[in-house]
Amino acid sequence: MESTSLVDAKGLRDRYVGSLRSDDVGKRVTVCGWVARVREHGEHLVFVDVRDYSGIVQVVAHSSVELRSEFVVRVAGTVAKRPEGTDNSSLATGEIELTDTAIEVLSEAEPSPFSLQDRAEIDEATRLRFRFLDLRRERMQQNIRVRAKINSAIRASMERQGFTEIETPLLWTPTPEGAREFVVPSRLHLGSSYVLPQSPQLAKQLLMVAGFDRYYQIARCLRDEDLRADRQFEFTQLDLEASFVTQRDVMSFISDAVTAASQAAGIPLEGEIGAITWKDAMDRFGVDKPDMRYGNELIDVTSVFAGTSIRALSAPCLKALVAPNPSSLTRSRLDNLVDRAKSLGAKGLLWLRVIPGSDGLQLESPVSKFLTEDESKNLVAATNVSDGDVILIVGDEWQKACEVLGQLRIDLGRNQANPGEFRYVWVIDFPLFEGIDEEGRLVSTHHPFTMPNQEDFDKLASDPLSVRSQSYDLVLNGWELGSGSIRIHRGDIQSRIFSLLGVTEEEASNRFGFLLEAFKYGAPPHGGFAFGIDRLTALLVGEENIREVIAFPKTQSGSDLMTGAPKQIEAKVWDLLGLSVKPQKKDLS
RNA sequence: GGACCUGUGGUGCAGCUUGGAGUGCACGUCGGCCUGUCAAGCCGAAGGUCGCGGGUUCAAAUCCCGUCAGGUCCGCCA
């Protein structure tokens, strides 16, 4: 276990076990902790490993002691050098042990439902049910402590850059747009509700109007959306906002914070964080959050098949990916890839395997007999493949083709990435609108308060989908850490955006009236950012799931297996809120 | 809302294709032996609703259907 800089032990003990060293030989000390392991050699010699917050020490006992793993003990003993040849180099305290010991059992423990040694992967449900034991394991102790260090480093970075920490309400007002909100019915206003904030977005903009200049908060955000490996109902963000700043400034604030956070986790960051435009990211990697640790970029082969008779290749855009591990792609795995592509929304996926032919390379594929010689030759040239390679092609609208193949690139390429490498990248120049909904209204990519790019202002009316915004995402190893933007601070621009989004003045004033009103009284130009600390921590400690860096997470179905939440509540509680619960479908049958 | 994977003594696994007595391995637990181990060792024992319900069959951990729980993903996450 990592040796922490320890405060002086107090109370029932005078030392943390992890701080004991050869220098202490001869001292009489008292320590407290849990029994990690007992090795009994008969009643005349018993070794007890005692573990506390700081580490493990070996305690030598000479009389039979009734101990089991996880008993809580207090041990008085003399620090002694271990006999010649019995040092344990894998233990920080491995040169010494406690002898002449008196062991007092402070708390007995039932046998643990699972091993607290890190050797075995324990069933997730069991871990979560006994989370208090799971958290005793070294890996979890490390994760949670690194998280604390990251938080601390982020705070220090923010303070250093002149930001003021301000808390914002958890009981907020509904803003029916974006993520589904957790609803908190009001007892004093029957029929009315607060919601838990999906982020402090509007609050922090009001703080800019209030003149705080630079605000930050390590803020809890809540979204009632389905959970994933990188998504929990509640998550923690570094949230910040600053006045009279440009996009560059905000990016530099955040760069400082994530650099500090990385260093706190023991990962040095070299150089500046690079940037890629959204369009480039989509075109080359097929995602707006590219994993920059490996190449294997998408290749545009639209022109190769410009005159093709193959229907699967008659599409506005053709994107190709050279599979990184072609020999593992058996026929059935290729079939799986086709299914995967379809589940991602593609009409199909075409694969072509490069095989040696009578004169040069040939392509083996379900469509090989329809391929012209020129097409084969040009495809091989465009993709720069050689014998044994497999080419995957998706044809569709540009964005769809990129997205589907981009996901396959991730599926196939994951093990190409070096797990010890950390590649941050900024993604900039997002489109202001991501598309048009069923009712013909434009949909914001980020949120409706995002400032359009100055250069694209005149295209707002003529070609709104081509308008870029002053927004930017931070990506680490293929995970979106967070996003931010320069906000609209002028009523006239905001009105234009609302009208493009199909939000009437009445709706706007219902939902965001307090913000729009505030903007009438002197709003500074401002912008900000927020990034997920759960995700950042998970990446920096090498975990693939944010549950591993959250003390008490929920399962994918939103249950807390330790407390049993969510639970049925008594009818009188609903009554007090003026509510009742409808019978469930399954109760009716 | 949908797809896929998993569910076998307290824990981790094997057994499942090809149905034939709850069969096996490792850890843990309990008892015994053991004076330098550190995943201690050796001997012995206990411990099971094969997630749950139904079906097929002479016979189901194994095949089929449903369901619950956990996980991964799609949708969703401004």
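The values are calculated or read from the model by the stated rules, or taken from the named source; none is laboratory data. Values in this document were obtained by computation on a predicted structure and should not be read as measured data. Reconstructed Cβ throughout: ideal geometry from the backbone, glycine too, with neighbour counts over all protein chains shown. The accessibility values were calculated without ligands, DNA or RNA, using every heavy atom of the protein model including side chains. Shrake-Rupley method; radii C 1.70, N 1.55, O 1.52, S 1.80 Å.
Counting other Cβ atoms within 10 Å, which trypsin sites (Lys or Arg not before Pro) in region A:431-507 have at most 15 and lie in a DSSP loop?
Those that pass, being in a loop and sparsely packed, are A:ARG441, A:ARG490.
Taking the simple approach of a point 7 Å from Cα along Cα-to-Cβ for both A:LYS377 and A:ARG37, what is their distance in nm?
With each label placed 7 Å out from Cα toward Cβ, I get 6.8 nm.
Apply the Karplus curve 6.51 cos²θ - 1.76 cosθ + 1.60, θ = phi - 60°, to the phi angles in region A:546-558 and return the couplings in whole Hz, x for Gly and Pro.
Listing the rounded values in order: 5, 4, 6, 10, 10, 4, 10, x, 9, 6, 4, 8, x Hz.
Multiply the residue gap between A:GLU434 and A:ILE122 by 0.36 nm, knock off their C-alpha separation, and tell me the result in nm, one decimal place.
Fully extending the segment from A:GLU434 to A:ILE122 adds 108.1 nm.
Counting only protein heavy atoms and using a 1.4 Å probe, what share of the accessible area of chain A belongs to carbon plus sulfur, as a whole percent?
49
Write out the trypsin sites (Lys or Arg not before Pro) in region A:347-407 meeting two conditions: DSSP loop, and at most 16 other Cβ atoms within 10 Å of their Cβ.
Answer by residue number: A:LYS347.
Based on a Kirkwood Rh over C-alpha pairs, give the Stokes-Einstein translational diffusion coefficient of region A:481-535 at 37 °C and viscosity 0.692 mPa s in µm²/s.
259
Kindly report the accessible area of chain A per residue (heavy atoms of protein chains, probe 1.4 Å, no ligands, DNA or RNA), in Å².
Per residue, chain A has an accessible area of 51 Å².
Give me the distance between the Cα centres of region A:496-526 and region A:299-313, rounded to whole Å.
47
Could you tell me the number of lysine pairs in region A:294-416 with C-alpha atoms less than 17 Å from each other, where the two lysines are 8 or more residues apart or belong to different chains?
Taking region A:294-416 as the scope, the lysine pair count is 7.
Pop out the ³J(HN,Hα) list for region A:84-95 in order, Karplus 6.51 cos²θ - 1.76 cosθ + 1.60 with θ = phi - 60°, rounded to Hz; leave Gly and Pro as x.
Each residue's phi maps through the Karplus curve to give 3, x, 10, 4, 10, 6, 7, 10, 4, 9, x, 8 Hz.
For region A:17-107, what value does the Rg/Rh ratio take when both radii are computed over Cα atoms and Rh is the Kirkwood radius, given to two decimals?
0.92
Tell me which residues come under 5 Å, amide H to amide H, from A:THR164 once H is placed; ignore anything under 5 positions away on its chain.
Those lying under 5 Å, H to H, from A:THR164 are A:ARG214, A:TYR215, A:TYR216.
To the nearest 0.05, how large is the calculated FRET efficiency for A:ASP492 and A:VAL581 if R₀ is 35 Å and r is the Cβ-Cβ distance?
Efficiency, from the Cβ-Cβ distance: 0.15.
With each pseudo-label sitting 7 Å past Cα toward Cβ, what's the A:GLU66-A:ASP335 distance in nm, one decimal?
6.4
Quick one: putting +1 on the C-beta of Lys and Arg, -1 on the C-beta of Asp and Glu, what dipole do you get for region A:294-416 around its Cα centre, in Debye to the nearest 20?
400
Using a simple spin-label model with points 7 Å from Cα along the Cα→Cβ vector, what separation in nm is obtained for A:LYS27 and A:LYS459?
6.9
For chain A, what is the mean residue ellipticity at 222 nm derived from helices alone (per DSSP H run of n ≥ 4: -39500 (n - 2.57); sum divided by total residues; nearest 500 deg cm²/dmol)?
Rounded to the nearest 500, the figure is -8000 deg cm²/dmol.
Under a 5 Å amide H to amide H cut-off, with H placed in plane at 1.01 Å, what residues pair with A:ARG37 once short-range neighbours are removed?
Correct list: A:ASP49.
Give me the one-decimal Kirkwood hydrodynamic radius in Å for chain A, with the sum taken over alpha-carbon pairs.
The answer is 28.5 Å.
Among A:GLY18, A:VAL60, A:LEU45, pick out the residue whose Cα is farthest towards the positive end of the charge dipole of region A:17-107, where Lys and Arg carry +1 and Asp and Glu carry -1 on C-beta, about the Cα centre.
Farthest towards the positive end: A:GLY18.
Efficiency by 1/(1 + (r/R0)^6): what FRET value for A:LYS342 and A:VAL183, r their Cβ-Cβ distance, R0 = 35 Å, to the nearest 0.05?
E(calc), rounded to 0.05, equals 0.45.
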